[in-house]
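Asks: Submitted below is the structure of interest, expressed as structure tokens.
What follows is calculated from the coordinates using simple rules that are stated; it is not laboratory data. Because the structure is predicted, anything quoted here is derived from the model rather than measured. FYI the Cβ positions are ideal-geometry reconstructions off the backbone, even for glycines, and counts take in every protein chain you see.
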Amino acid sequence: MSVAPFTEAELQAYVDDRLDAARRAELEAWLAERPEEAERVAAYRRLGDELRELYAPLLVEPVPPSLAAFGPARARWRRVAAVAGWVAVGAALGGLAGWELRETRPEAAATPEVGAAMARRAAVAHATYSPEVRHPVEVGADQEAHLVAWLSKRLGAPLRTPKLEAVGYSLVGGRLLPGDNGPVAHFMYQCNRGTRVTLYVRTEMAGNRETAFRYAREGNVGVFYWVDRKLGYALSSADISKEDLLKVANAVYQQLNP
Amino acid sequence: MNEAQRLVDLIPRLRRYARALAGDRASADDLVQDTLERAWAKLHLYRRGTDLRAWLFTVMHNVHVNKVRAARSTDPLDDEMPELAQRAAQSDALVVRDLDRAIARLPAEQRAVLLLVTLEEMSYEQVARTLGIPIGTVMSRLSRAREKLRSMMTGQAAAAKLKVVK
């Protein structure tokens, strides 16, 4: 049997129509006498045609917008989405002036039921303890370090008491409360006119990484609540306006997320 | 035309190649998205005036290899498949009639070469540059890919190859 005068690479090049005319003619003459090789080459060419045909629709179908949004387009798209989210929050708050849009602010939605349940419990706790004159808290602000260490230990999470003097409130103290899912820390603040706000902090918010502020109203108690990492926060008051309560909530958030 | 616009213009080709490379539509579009993000981040490494398409396909190739590696794919990546390994392909020939599935069954490295040559109609030199392999490897992978595909689609035993004359 004679040695074929063509390499396999040349045969592949012939399939792809990349041989020069002279070499192509030689190869075709050679193939004419070898039906088996000719059939193999023809099969390769048919498969190539079928392959191009199979995937051709992808060249003409519209590109999904999500794919066309990359690089600066994607960054722009994300900013727009973030601002849209904040516009929604702003609208929910009722056209508040001076509200600062912070991109680092949480966006993802928490499970609404968990948040709403927390807001209800926080409102009840506020209604229960804030009218107390003689025993509003278990541990007073004069033992703040002990209070924070104690509640941090019970909740199994490092807690901090935000400093709210800048918005007119100072710490009265705190207490431990039973929650849906374990111990809850409850901090009370008071302004110089005697108006009280309470901060309810619960753990076990895993899965609800971060949320924007939400507002709920239970009876005469207004509550702003949000989730940050594993902790859920609810700030309640019965005596101040929603706008003023939001200022305090914003201060709390910024203190806890410097 | 700036690079961003040229990238956008190449998206349909990227999608076509990704679809054939990755198999299903969702992972193909994931691949395209990751490729575009990476290409955009690395655009300063692209040298103006050179072949943007080849550069982009190189980026996609690298992204794909990393994804496959991360997913611990069972793709046979060995280029030098022993002849016995073809028995599986032959016995599957009755099942694998569908070209799409047959392509998915090709070893990943052979598949990439076949698709760049057939779909993108890149020159063998461009394929070698895009995949970062010698041109001789391009030719041997192309040959194996076609023969494997043919045997899967026809159920025929691999035909005797031409002897190589150097």
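Asks: Please report, largest first and rounded to whole Å, the three semi-axes of the ellipsoid equivalent to region B:1-73, where each semi-axis is the square root of five times an eigenvalue of the C-alpha gyration tensor.
Replies: Whole-Å semi-axes of the equivalent ellipsoid: 22, 13, 9.
Asks: Here's another thing I want to ask about it. Which value in nm describes the separation of the simple spin-label points at A:Arg193 and A:His146, placed 7 Å from the Cα toward the beta carbon?
Replies: 3.4
Asks: Would you work out the charge dipole size for region A:8-59 about its Cα centre, treating the Cβ of every Lys and Arg as +1 and the Cβ of every Asp and Glu as -1, and quote it to the nearest 20 debye?
Replies: Roughly 140 debye, rounded to the nearest 20.
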